[in-house]
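We did not get these values from a lab; they are worked out from the coordinates using the rules stated. Keep in mind it's a predicted model, so treat the numbers as computed, not measured. Neighbour counts run over all protein chains shown; Cβ positions are idealised from the backbone, glycine included.
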């Protein structure tokens, strides 16, 4: 059976492995300690934060088919949030999400989708592929200590574009396309409270500020946790301040969130910030996945399409179909 190594256990990597598990011997390598990538959840008992992807929509029929059994089993739930829009500190709109254009979350946490897809797969957590080399008909992978991770017929990277460009050798036919995907950074501010939050909204898009998003994480369906608020910076502010002192970033985002919400949030019982180096990118033209049958190298991920959850699945499906035809 063809041996395939997949770098990255985010949604794209897991969906690809899940789809190919009957046609190939799949091993997924993930440098982090858990699966999910940006469909991530941070814990700080009694609080819980989806500090990466906040929700997702399903605009395409393949993604709707993918979600249907997850919705039926309760792994994915519709979030009918009270939604607000702000321009600076002025609230300019307010409405409730509904079935007209459903918004979804993983339940009871965002990474539930990833954990479902990961079941039964051979996933090597906390394992970084440091280098790859061609050895006859195989790709040999090596970790940071110089230890071999095995030999594989195919190597697929689903890591963010800059990491995929660093991992895949220059003979990959689409190397320049990966290098051209410029991903943007984002900071996530996580605030935990001892009592209920005084907002008339559950989620808010923000313009004209250094933050772009606020959501009451504990208001999402399936949650049974203490009140929590998640704040995302804009990509532009994060790019400009990516190397700033951690405490300074935290203080500024806390001040911005307090200003926009109209409430002093410094009373939070828990305050933490997380830096996402590769969080987003605009919509891209070109193929939804990159494959080179001559070198038996490939890449996929949301960065092939657009920085969205649905884009990650779209890219994984496209690569899966191509690989199944070759296998």
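Restricting the calculation to Cα atoms, every distinct pair contributes to the Kirkwood radius of region 64-175, found to be 18.3 Å.
Which order do 178, 242 fall in if you start with the one that has the fewest other Cβ atoms within 10 Å?
Ascending number of Cβ neighbours within 10 Å: 242, 178.
Most tightly packed first, judged by the mean number of other beta-carbon atoms within 10 Å of their residues, the peptides 141-147, 100-106 read 100-106, 141-147. Note: region 239-327, Cα convex hull, 158 Å³ per residue. Over the chain, DSSP H runs of length four or greater, each weighted -39,500 (n - 2.57), average out per residue to a 222 nm ellipticity of -7500 deg cm²/dmol. The largest-to-smallest principal axis extents of the Cα set in the chain are 63, 44, 37 Å.
Where does each of 22-28, 51-57 land if you order them by average Cβ count within 10 Å, highest first? Spell out each step's value before the answer.
Values: 22-28: 17.9, 51-57: 21.4.
The most tightly packed comes first, giving 51-57, 22-28.
Give me 190, 77 sorted ascending by neighbouring Cβ count inside 10 Å, so fewest comes first.
Values: 190 23, 77 18.
Lowest count first: 77, 190.
Relative to the longest principal axis of the Cα atoms of the chain, the long axis of helix 61-73 makes an angle of roughly 70 degrees. For region 253-292, the equivalent ellipsoid derived from the alpha-carbon gyration tensor has semi-axes of 38, 13, 6 Å in decreasing order.
Cα centroid separation, region 168-182 to region 272-327: 13 Å. Radius of gyration (Cα atoms) of region 114-227, expressed as a multiple of 2.2 N^0.38 Å: 1.59.
To the nearest ten degrees, helix 246-261 and the longest principal axis of the Cα atoms of the chain are 50 degrees apart. Relative to the dominant Cα principal axis of the chain, helix 11-20 is inclined by about 40°. Spatially, region 34-105 and region 188-231 are offset by 12 Å when compared through their Cα centroids. Ranked by how many other Cβ atoms sit within 10 Å of their own Cβ, fewest first, the residues 258, 212 fall in the order 258, 212.
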